[in-house]
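S.K.: Take a look at this one; I'll ask things after.
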Amino acid sequence: MITYVTEAHYVDGYRLAVTFNTGESAVVDFSRLIAETTLFAPLRDVGQFKSFYLDGWPTLAWPCGLDIAPEALYQMATGKLPAWMMEAASAETALSHA
């Protein structure tokens with residue numbers, strides 16, 4: 001099953017509460033990503049950060065053109081890879097040992 005975002009809500013600062021189609025939800029803190037990566041620098045303005053929306057994938061996106069892959073967001077939120085990525089990695093490992 002492909003993992004995607006079903007809901008997202010602003011919490012405070014650079015934190016968003018996200019829910020995935022897996023039923024899992026978490027508060028994700030984007031502070032470090034925004035502070036340490038040039039790509040996400042436009043979101044240092046909290047007003048810009050708060051203007052997120054769910055795009056057509058659906059995943060988080062911002063009007064400035066930034067988005068974040070749902071798989072990466074899932075890993076940030078849960079600390080684990082989406083199930084389909086784990087299955088693909090297991091299949092690849094099995095093939096390499098055949």
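Nothing in this text is a laboratory measurement; each read-out follows from the coordinates by a stated rule. Note that the coordinates shown come from a computational prediction; the quantities given were computed from them, not determined experimentally. Because the Cβ atoms are built from the backbone with ideal geometry, glycine has one as well, and the counts that use them run over all protein chains shown.
S.K.: Can you give the local net charge around Y10? Use residues other than it whose beta-carbon is closer than 15 angstrom to its beta-carbon, Lys and Arg +1, Asp and Glu -1. Each step should come with its number before you reach the end.
M.R.: Numbers: positive: R15, K50; negative: E7, D12, D29, D45.
Here the charged neighbours net out to -2.
S.K.: Still on this structure, I have one more. For a protection proxy built on the mean count of beta-carbon atoms within 10 angstrom, sort 36-45, 7-16, 68-77 highest first, please. All intermediate terms of the calculation are to be shown ahead of the outcome.
M.R.: On the way: 36-45: 12.8, 7-16: 14.8, 68-77: 18.1.
The densest-packed peptide leads the list: 68-77, 7-16, 36-45.
S.K.: Which value, to two decimals, describes the C-alpha radius of gyration of the range 5-96 once divided by 2.2 N^0.38 Å?
M.R.: Output field value: 1.18.
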